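Participant: This is the structure I have questions about; it appears just below.
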Amino acid sequence: MLRIINAALNDELFFAIANHTLTVVEADASYTKPFDTEAIMITPGQTYTVILNTNQHTHDSNGLFLMAARPYLTSVFPFDNSTTIGFLKYKGTMDEHMVLPKASNLVLPHHLPRMEDHAYATQFVRKLRSLGTTRYPCVVPKTIDKRVVIAISLNLQNCPPNQRCKGYNGKRFAASMNNQSFVRPMTSILEWHYKNFSSMQYSIDFPLQPPSVFDYTGVDPLTHNLNPNFGTKLFVVEYGTQLEIVLQDTSFLNLENHPIHVHGHNFFIVGRGFGNFNVEKDTAGYNLVDPPERNTVGVPMGGWATIRINANNPGVWFIHCHLEEHTSWGLATGFIVKDGSEPYQRLISPPDDLPRC
């Protein structure tokens, strides 16, 4: 059993082991229906557990098999295009103090997808399904109380005076959700919420729909641009809300696969597609039987992904892109789950030794 974690800051990765098939059994600490695959695609922050059967005939080899991971490329921005490798060695097949092959003599696994193999990445994630048994039921919300549609954008801003900016055409990069570029505050939003919104640094008026409706995936990436508003805006839901969030990629600057992570809750990925999300057409194709349960979803380049959450964890929760560069540009927001009526549904009091502002 291999536990695979993508701890990279800005690279989604393909991973494979030469001459071996991987059986996926878990994603983000939730069981999946087992399926065999030659390689996996894993975004930053995601995890997989796979079963590896060491069934190769060692008399046909030296018992040494190359493991490799290289980026899944959907970005036009500079990135580390190196391939990282390791070795799987069968016991008793070679000298324990052997010298590993030189890099120039290594041959990568033939089934490791090429960096721009979008078809393979799409095919892989479509195979993921919750286990959905009596012992491990799939408790996906069948109906919803609130739908939030979030357009994910990369943006350009004019360079501030007396600064040099590395963005396209001498500008600086920014990023936004529904045209709001998140500013990470210097003080705790959770404390602000616990004290009943006693600060003016934050607001709860994050737009629940894109401010403008347009062809999200069809605009010219360089001649069109949204100038986002900067601030710390969140939205609020009641305890126990059956929440649906539609995450829509846009083509500003570049169509890109965005791994979006939600703090505080697991969610179910009930739908994915390409182009612009259409509420009448696309909701009819949702999987409400055995959708994968995760905490990070790869929103496909030029497409959308829909997640459903049972908002039963009171507090303040961050939603952000797991590409660290994008988060630093403001590709984030947050939501507040109010206290419920029962004592176990409420935020606990802070510890007595909590430093006071």
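The values are calculated or read from the model by the stated rules, or taken from the named source; none is laboratory data. Everything numeric here is computed off the predicted structure, so don't read it as measured data. Positions of Cβ are backbone-derived with ideal geometry, glycine not excepted, and every protein chain shown enters the neighbour counts. The area values use the complete protein model at the heavy-atom level, side chains included, leaving out ligands, DNA and RNA. Shrake-Rupley method; radii C 1.70, N 1.55, O 1.52, S 1.80 Å.
Participant: Cβ-Cβ below 9 Å, separation at least six or inter-chain, first residue in the range 160-184 and of a type in the set (A, V, I, L, M), second assigned to a helix (DSSP H, G or I): which pairs?
Facilitator: ALA174/TRP329; ALA175/GLU325; ALA175/HIS326; ALA175/THR327; ALA175/SER328; ALA175/TRP329
Participant: Which numbered condition in (1) charged (D, E, K, R); (2) in contact (Cβ under 8 Å) with a residue 40 or more places away in the chain; (3) assigned to a loop (DSSP other than H, G, I, E, B) is the only one that GLU325 fails?
Facilitator: That leaves (3) as the condition not met.
Participant: I've got another one for you. Quickly run through the range 285-334 and pick out the residues that are closer than 16 Å to HIS263 by Cβ and among the charged types (D, E, K, R).
Facilitator: Listed by number, the residues that qualify are GLU293, ARG294, GLU324.
Participant: Still on this structure, please answer the following. Look at LEU323 and say whether it is at pLDDT below 95 and surrounded by 20 or more Cβ atoms within 10 Å (Cβ to Cβ).
Facilitator: yes
Participant: Which is basic (Lys, Arg) and under 20 Å from VAL246 (Cα atoms), of LYS142, LYS166, LYS127?
Facilitator: Residue meeting the stated conditions: LYS142.
Participant: A follow-up question, please. Considering only the range 304-320, state which residues are touching a helix residue (DSSP H, G or I) at 6+ places or on another chain (Cβ under 7 Å), open to solvent by 10 Å² or more (accessible area, probe 1.4 Å) and either assigned to a strand (DSSP E or B) or at pLDDT below 95 (or both).
Facilitator: Answer for the range 304-320, where residues must be touching a helix residue (DSSP H, G or I) at 6+ places or on another chain (Cβ under 7 Å), open to solvent by 10 Å² or more (accessible area, probe 1.4 Å) and either assigned to a strand (DSSP E or B) or at pLDDT below 95 (or both): VAL316, HIS320.
Participant: If you take the residues in the range 288-303 that are open to solvent by 10 Å² or more (accessible area, probe 1.4 Å) and closer than 12 Å to PHE267 by Cβ, which one is nearest to the chain's Cα centre (by Cα)?
Facilitator: Here the answer is ASN295.
Participant: Out of LEU208, LEU190, LEU154, which single residue is assigned to a strand (DSSP E or B) and aliphatic (A, V, I, L, M)? Walk me through how you get there before you give the answer.
Facilitator: Values: LEU208 fails: assigned to a strand (DSSP E or B); LEU190 fails: assigned to a strand (DSSP E or B).
The conditions single out LEU154.
Participant: Here's another thing I want to ask about it. Among the residues of the range 148-167, are any within 30 Å of ARG272 (Cβ to Cβ) and open to solvent by 80 Å² or more (accessible area, probe 1.4 Å)?
Facilitator: So far as the range 148-167 goes, no, none of its residues is within 30 Å of ARG272 (Cβ to Cβ) and open to solvent by 80 Å² or more (accessible area, probe 1.4 Å).
Participant: Can you tell me which residue within the range 63-119, out of those that are β-branched (Val, Ile, Thr) and under 21 Å from VAL299 (Cβ atoms), is modelled with the lowest pLDDT?
Facilitator: Restricting attention to the range 63-119, the residues satisfying the condition of being β-branched (Val, Ile, Thr) are 74, 76, 83-85, 93, 99, 107.
Imposing the further condition that a residue be under 21 Å from VAL299 (Cβ atoms) reduces the set to 74, 76.
Numbers: THR74: 87, VAL76: 70.
Out of the qualifying residues, it is VAL76.
Participant: Mind listing whichever residues of the range 135-147 are in contact with an Asp or Glu (Cβ under 7 Å, 6 or more places away or on another chain) and either crowded, with 19+ Cβ neighbours inside 10 Å or not in a strand (DSSP E or B) (or both)?
Facilitator: CYS138, ILE144
Participant: Identify, by number, the condition in (1) in a helix (DSSP H, G or I); (2) in contact with a helix residue (DSSP H, G or I) (Cβ under 8 Å, 6 or more places away or on another chain) that VAL125 doesn't meet.
Facilitator: Failed condition: (2).
Participant: Which residue out of ARG114, ARG129 is open to solvent by 60 Å² or more (accessible area, probe 1.4 Å) and closer than 28 Å to ASN81 by Cα?
Facilitator: After ruling out the rest, the residue left standing is ARG114.
Participant: Out of the residues in the range 104-130 meeting the condition of being of a type in the set (A, V, I, L, M) and more than 21 Å from the chain's Cα centre (by Cα), tell me which one is nearest to ILE319 (Cα to Cα).
Facilitator: Ranking the candidates gives LEU112 first.
Participant: Quickly run through the range 1-11 and pick out the residues that are modelled with pLDDT under 95 and either of a type outside the set (A, V, I, L, M, F, W, C) or over 30 Å from PHE77 (Cα atoms) (or both).
Facilitator: Matches in the range 1-11: ASN10, ASP11.
Participant: Could you list all residues from the range 20-72 that are open to solvent by 30 Å² or more (accessible area, probe 1.4 Å), in contact with an Asp or Glu (Cβ under 8 Å, 6 or more places away or on another chain) and not charged (D, E, K, R)?
Facilitator: The answer is THR21, THR23.
Participant: Under the condition of being closer than 24 Å to PHE77 by Cβ and part of a strand (DSSP E or B), which residue from the range 263-287 is most open to solvent (accessible area, probe 1.4 Å)?
Facilitator: Ranking the qualifying residues of the range 263-287, first place goes to PHE274.
Participant: Inspect the range 69-91 for any residue being acidic (Asp, Glu) and either part of a loop (DSSP other than H, G, I, E, B) or under 30 Å from SER328 (Cβ atoms) (or both) and give the result as yes or no. Explain how you work it out, then say what you get.
Facilitator: Kept after step one, since they are acidic (Asp, Glu), are these residues of the range 69-91: 80.
Okay, now just the ones that are also either part of a loop (DSSP other than H, G, I, E, B) or under 30 Å from SER328 (Cβ atoms) (or both), so 80.
So far as the range 69-91 goes, yes, one or more of its residues are acidic (Asp, Glu) and either part of a loop (DSSP other than H, G, I, E, B) or under 30 Å from SER328 (Cβ atoms) (or both).
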